[in-house]
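Heads up: the structure comes next, in structure tokens.
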Amino acid sequence: MATHDAQIASLLDQLALALASPATTHGLARTLRAAAKEAELHRHHRASLAGLPDGVLQASPAKVQIGGGGHRIDGFFNIDIVPPADLLWDVREGLPLADESTQEIFSEHFLEHIDYPRSAKTYAREAFRVLTPGGRLITGVPDAAFVLSQYPAGPEQAEEMIARWYAKRDCRKDINTYLDLINYVFRDQDDDPTYNPHYWAYDFEKLSQLFTEVGFAAVEPWSFDPSVANPKRQWASVYVVATK
Ligand SMILES: C[S@@+](CC[C@H](N)C(=O)[O-])C[C@H]1O[C@@H](n2cnc3c(N)ncnc32)[C@H](O)[C@@H]1O
């Protein structure tokens, strides 16, 4: 174990050196930055794993938020791969919760940031495993059906999307047509090492299929509740509740 962690530390040093070299080409630098980011996330995950006997939380939180980032929810135990979560944990490795121990799992604008099919299907299976019978998995994602339904969009529709989603980012000059906005939904932040990119796009049908495939009995639209969800996420998002 110590050897592995030392290897990762050494890898990070090597990556930093290569990235600092002017000889490193753009294509290689993109891959090295992604590797450095994954290595840092790996270190967070390993540190938490070291503190969890059997990789399972001893306390069984009734309500869990996954990938909440800075949006903490009162009464929820917050799991994310980066601070300020209650537990830093890479959900691609499964959920650190006992079987049938949790009543509700909530996430928004998280699922599209993990790779599909391996990690998205692992997450769906794990959520089903840890929820109590009748437990609820609430999931919100950018609604690809909405974004595609607007195509070809007029300037006003495009401007609304830019204002709501991208106004604070430095990508404004690179959004030149509505198709650029569609591309952002499918692979947002692919070139920004400080973010997790979008790996997959979802609509109601895809979310329903993903969750029924692993055993959820019913998947229905979730009525947006701003006391739980982040109000800035409501526009052009699709939220579902899957019941075990
Ligand atoms: C776009 S942010 C959304 C934050 C918040 N839910 C919101 O709507 O404002 C995506 C979040 O998912 C988290 N995340 C991405 N991949 C993850 C993983 N493999 N395990 C745990 N959290 C992850 C990120 O760290 C980030 O906080």
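Please report, in debye to the nearest 20, how large the charge dipole of region 2-50 is about its Cα centre when each Lys and Arg carries +1 at its beta carbon and each Asp and Glu carries -1 there.
Taking the Cα centre of region 2-50 as origin, the dipole is about 140 debye.
On full extension of the chain, what length is gained from residue 164 through residue 118, given 0.36 nm per residue of separation minus the C-alpha to C-alpha distance?
13.5 nm
Please give the calculated 222 nm ellipticity per residue for the chain, where each DSSP H segment of at least 4 residues contributes -39500 (n - 2.57) and the sum is spread over every residue; nearest 500 deg cm²/dmol?
It comes out at -11500 deg cm²/dmol, rounded to the nearest 500.
Tell me the Kirkwood hydrodynamic radius of region 145-187 in angstroms, computed as one over the mean inverse distance between distinct C-alpha pairs.
Averaging 1/r across every pair of different Cα atoms and inverting gives 10.4 Å.
Using a Debye calculation, one point per C-alpha and no hydration shell, please list log10 I(q)/I(0) for region 121-244 at q = 0.11, 0.18 Å⁻¹ in order.
-0.44, -1.03
When the dipole is taken about the Cα centre of region 27-80, and only Lys, Arg (+1) and Asp, Glu (-1) are charged at their Cβ, what size is it in debye, to the nearest 20?
With only Lys, Arg, Asp and Glu charged at Cβ, the dipole is about 240 debye.
Using alpha-carbon positions, what is the distance between the centroids of region 16-45 and region 109-185, in Å?
26 Å
For the chain, what is the largest minus smallest coordinate of the Cα atoms on each principal axis, given in angstrom and ordered from greatest to least?
That gives 56, 56, 31 Å along the principal axes, largest extent first.
Could you go through region 219-230 in sequence order and give the Karplus-derived ³J(HN,Hα) for each residue, using 6.51 cos²θ - 1.76 cosθ + 1.60 with θ = phi - 60°, rounded to whole Hz, and x for Gly and Pro?
10, 10, x, 9, 6, 4, 10, x, 6, 10, 7, 7
Let me test this: with uniform point scatterers at the alpha carbons of region 2-50, what is the Debye-based log₁₀ I(q)/I(0) at q = 0.25, 0.28, 0.32 1/Å?
Once normalised to I(0) and log-transformed, intensities are -0.89, -1.02, -1.17.
Over region 145-187, what percent of the accessible surface lies on carbon and sulfur atoms, probe 1.4 Å?
53 percent
Once you place label points 7 Å from the Cα toward the Cβ at residue 2 and residue 99, how far apart are they in nm?
Distance between label points: 3.6 nm.
Applying a 10 Å radius around every beta-carbon, put 87-94, 135-142, 149-156 in order of their mean neighbour count, most first.
Top to bottom by mean Cβ count within 10 Å: 135-142, 87-94, 149-156.
Place a +1 charge on the Cβ of each Lys and Arg in the chain and a -1 charge on the Cβ of each Asp and Glu, then give the dipole magnitude about the Cα centre in debye, rounded to the nearest 20.
180 debye
With unit charges on the beta carbons (Lys and Arg positive, Asp and Glu negative) and the dipole taken about the Cα centre of the chain, which residue among 238, 18, 193 sits farthest to the positive side?
18
Suppose R0 equals 45 Å. What FRET efficiency, 1/(1 + (r/R0)^6) with r the Cβ-Cβ distance, do residue 220 and residue 10 give to the nearest 0.05?
0.35
Any idea how far apart residue 52 and residue 192 come out in nm if each label point goes 7 Å out from Cα toward Cβ?
Result: 2.8 nm between the two label points.
The values are calculated or read from the model by the stated rules, or taken from the named source; none is laboratory data. Bear in mind that the values here come from a model prediction, so they are computed numbers and not experimental data. Using ideal geometry, Cβ is built from the backbone for each residue, glycine included, and neighbour counts are taken over all protein chains shown. What goes into the accessible areas is simple: the full protein's heavy atoms, side chains included, and nothing from ligands, DNA or RNA. Shrake-Rupley method; radii C 1.70, N 1.55, O 1.52, S 1.80 Å.
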